Amino acid sequence: MLLTGENLTKRFAGGSGTVDALNGINVQINTGEFVTVVGPSGSGKSTLLSIFGLLDVPSKGTVCLHDTDIEQYNHRERTRVRKETIGFVFQSYGLIPTLTALENVAVPRLLDSDPAATERRAKELLGKVGLSNRLKHYPDELSGGQKQRVSIARALVNEPALVLADEPTGNLDRDTGERVFKELLAVTGDDVTIVAVTHDEYLAEFSDRVLRLIDGRLKTSGTDTEIPVSEQTSETPTDGGVNHP
Amino acid sequence: MAQRNLQRAKGRTALAVLTVAVGVLAVGGLGVFGLAFEENQTQNLGDIANQVRVEAPGQSSFAIGDGDPPELSEKRLNQIKRIAGNAETTVIRQVDRKRVQPGEKMTSPTRVLGVTNPKATYNVVRGEIPENWESGVIIDTQSATIFELDIGDPITIDGRLQEVTAVVEQPGGRFSVERTSAAALVPLDLVRSTTNPYRGVVIHAKNSFAAGEIATELKSELNGPLSENEQTFEVSSRQDDIESIDQQFTSTNTFLLGVGTISLIIAGISIGNLQLMSARERREEIGVLRAVGYGRTDILAIILIEAVIMGLLAAICGVGLTVGAGMLINNLLLAAPLAFQPDTVIYLGVAFAFGVVICVLAGLYPAWRASRERPVEALRG
């Protein structure tokens, strides 16, 4: 098991009182799985992704990554684990405008001791996403789809076990989005787990499993909003991703 | 990355750098202008500003007071030499005037001065003062005219036949201790005085300020409260002039320091503001960096490096401007654009360091703030 969340609750205090962005979520994600999280705006998708990405902590509940409760990690360790284990793909790409495509891909490893190895890896990944001829281009010289492919390459530069994609096609048209999504699947190895947040039902169909979030809750088994897209096998979780006996 | 970040808002960065550069100019200009001003004043006063004269009481006709005047003894001479330190000195001993018999024709000077190190005090017109001043006679231009003497002419002093080796200018000031007044100058040890061991001493300090200090100390030691004599040693220097220059110099320095400090504080605020705005605009980017594995110290370092780069740029520009302004000042005050004083380098170094340090200090808070932001909040932009 790569990632588990138990009774995950995230509460935000606002001017109009407290809001439960997540409300008692139980989820398990296996190594190599491609899971999409769908739901309307404000349903808690991005919050769940932030917690999985060690960018935020739950108000209640536990998250285990590689069987380690992330609460044990201090700030420095979280940063290290994020760098070593997790790759991020953002809806708005998150590219640094002053760096070229190649440099953007290399950003997570810029402070490492072997810049030549980093450059080789970045070039290899940009080649895989079809941008070998755009290495020296700056983000404002690239199309939306190309930017997102650079972002995907950056997410993979550290060979992560988990890729978290927050609305990776949100800024792209349907065709481009589909192509980028397929590329994301193509360039990640079988042992890489992908959790992607999207509100595009069509794209969710590419995933092994869909988690439906509504008002901070995962829809339970047996409802028409919980769809294990991939073939429902005995291993496929049926309760919001949590296996039940 | 820090360098590229600065390049993305070139105009804004350039203005901030310029602000600090002006601050560096103000601080650097303080030093360069001050040094040029000091040199200018020194030049205006000439060598006289560097000289201190000590004269025993009763040597001039203006001496007043009762009782026997204190003499400039060997002990006091040593005291004077100790205070003068490394400064060159000329010690002068006056020998009694030779009495001229009625009807006797004067063929050589009737007055003799014994002097040490005459080269330091007297300006040679003709001939040469030997390096080893143990023999020979120096006469002034007045003696040369009156007695029709010139280089190589024989002259009898105290019964000893000597040769004129140099003709010197009459020193300015009718009452100065080194006045020659048609006297013959011989090595000090060759003459004895029956009245006063020494007439006085001329001290050549390294500069006007050192001269002022020596004069003050001499007055205190020779004429201080422990002195039992009513008549005092005359210690003269251009101290009043020096004090006036010093005061002007201090006022100018204080003013420039004020301008420089205000300017640099404004520049620091400008840099701090720029860094805050920049960090705010790049909030999402900083969030991305944090997400992909950059720690707090990495973010802190990136923003601080930006501040250091700006500081270095500003300091280089500021020092360049200071050198340019210094050339103008030198041209105005010293009539030589490249007449930089040796201490200029120190002032330029201080101004350079000040520019960099102010930028780093100004960058600390924005860097700290950006580094402390939670990545999830930074990613929301």
Collect the residues in the range B:123-152 that are part of a loop (DSSP other than H, G, I, E, B) and in contact with an Asp or Glu (Cβ under 7 Å, 6 or more places away or on another chain), keeping them in residue-number order. B:123, B:136, B:152
One residue is enough: does the range B:282-296 have a residue meeting the conditions touching an Asp or Glu at 6+ places or on another chain (Cβ under 8 Å), in the same structural domain as residue B:15 (by TED's automatic domain parsing) and without any contact (Cβ under 8 Å) to a residue 60 or more places away in the chain? yes
Which residue out of A:168, A:160 is more than 13 Å from chain B (Cβ to nearest Cβ), closer than 21 Å to residue A:197 by Cβ and crowded, with 17+ Cβ neighbours inside 10 Å? A:168
The condition of being within 14 Å of another protein chain (Cβ to nearest Cβ) and surrounded by fewer than 16 Cβ atoms within 10 Å (Cβ to Cβ) holds, among B:373, B:377, only for B:377
Could you check, for the range A:87-97, whether at least one of its residues is in contact (Cβ under 8 Å) with a residue 60 or more places away in the chain, surrounded by fewer than 21 Cβ atoms within 10 Å (Cβ to Cβ) and within 10 Å of chain B (Cβ to nearest Cβ)? yes
Go through B:356, B:345 for me and flag whichever is surrounded by fewer than 19 Cβ atoms within 10 Å (Cβ to Cβ), within 39 Å of the chain's Cα centre (by Cα), away from chain A (no Cβ under 14 Å) and of a type outside the set (Phe, Trp, Tyr). B:345
All but one of (1) surrounded by fewer than 18 Cβ atoms within 10 Å (Cβ to Cβ); (2) at pLDDT below 80 hold for residue B:176; state the number of the condition that does not hold. (1)
Options B:260, B:293: the member that is touching a helix residue (DSSP H, G or I) at 6+ places or on another chain (Cβ under 7 Å) and either on the phi > 0 side of the Ramachandran plot or not in a helix (DSSP H, G or I) (or both): B:293
Residue satisfying all of: in the range B:107-142; at pLDDT below 85 and farther than 24 Å from residue B:197 by Cβ; surrounded by the fewest Cβ atoms within 10 Å (Cβ to Cβ) among these: B:131
Filtered residues of the range B:243-274 (kept if touching a Phe, Trp or Tyr at 6+ places or on another chain (Cβ under 8 Å) and under 29 Å from residue B:371 (Cα atoms)): B:264, B:272
Search result, residues across the range A:105-121 that are part of a helix (DSSP H, G or I) and more than 10 Å from chain B (Cβ to nearest Cβ): A:105, A:106, A:115, A:116, A:117, A:118, A:119, A:120, A:121
Taking strands (runs of 3 or more DSSP E) that do not extend beyond the range A:17-91, which have at least 2 residues that are polar (S, T, N, Q)? A:17-29
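Each row is one residue, and each column tells you yes or no for (1) within 14 Å of the chain's Cα centre (by Cα); (2) surrounded by fewer than 18 Cβ atoms within 10 Å (Cβ to Cβ); (3) over 22 Å from residue B:297 (Cβ atoms); (4) within 13 Å of chain B (Cβ to nearest Cβ).
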{"position": "A:29", "(1), (2), (3), (4)": "yes, no, yes, no"}
{"position": "A:41", "(1), (2), (3), (4)": "no, yes, yes, no"}
{"position": "A:51", "(1), (2), (3), (4)": "yes, no, yes, yes"}
{"position": "A:64", "(1), (2), (3), (4)": "no, yes, yes, no"}
{"position": "A:69", "(1), (2), (3), (4)": "no, yes, yes, no"}
{"position": "A:74", "(1), (2), (3), (4)": "no, yes, no, yes"}
{"position": "A:77", "(1), (2), (3), (4)": "no, yes, no, yes"}
Would you check if there is a residue in the range A:128-144 being under 20 Å from residue B:283 (Cα atoms), within 14 Å of another protein chain (Cβ to nearest Cβ) and assigned to a helix (DSSP H, G or I)? yes
Please go through (1) in contact with a strand residue (DSSP E or B) (Cβ under 7 Å, 6 or more places away or on another chain); (2) of a type in the set (S, T, N, Q); (3) modelled with pLDDT under 90 for residue B:90 and return the number of the only condition it doesn't satisfy. (3)
Of those in the range B:278-288 that are of a type outside the set (Gly, Ala, Ser), more than 7 Å from chain A (Cβ to nearest Cβ) and crowded, with 18+ Cβ neighbours inside 10 Å, the residue farthest from residue A:89 (Cα to Cα) is B:282
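The values are calculated or read from the model by the stated rules, or taken from the named source; none is laboratory data. Bear in mind that the values here come from a model prediction, so they are computed numbers and not experimental data. Note that each Cβ is placed from the backbone with ideal geometry, even for glycine, and that neighbours are counted across all protein chains shown.
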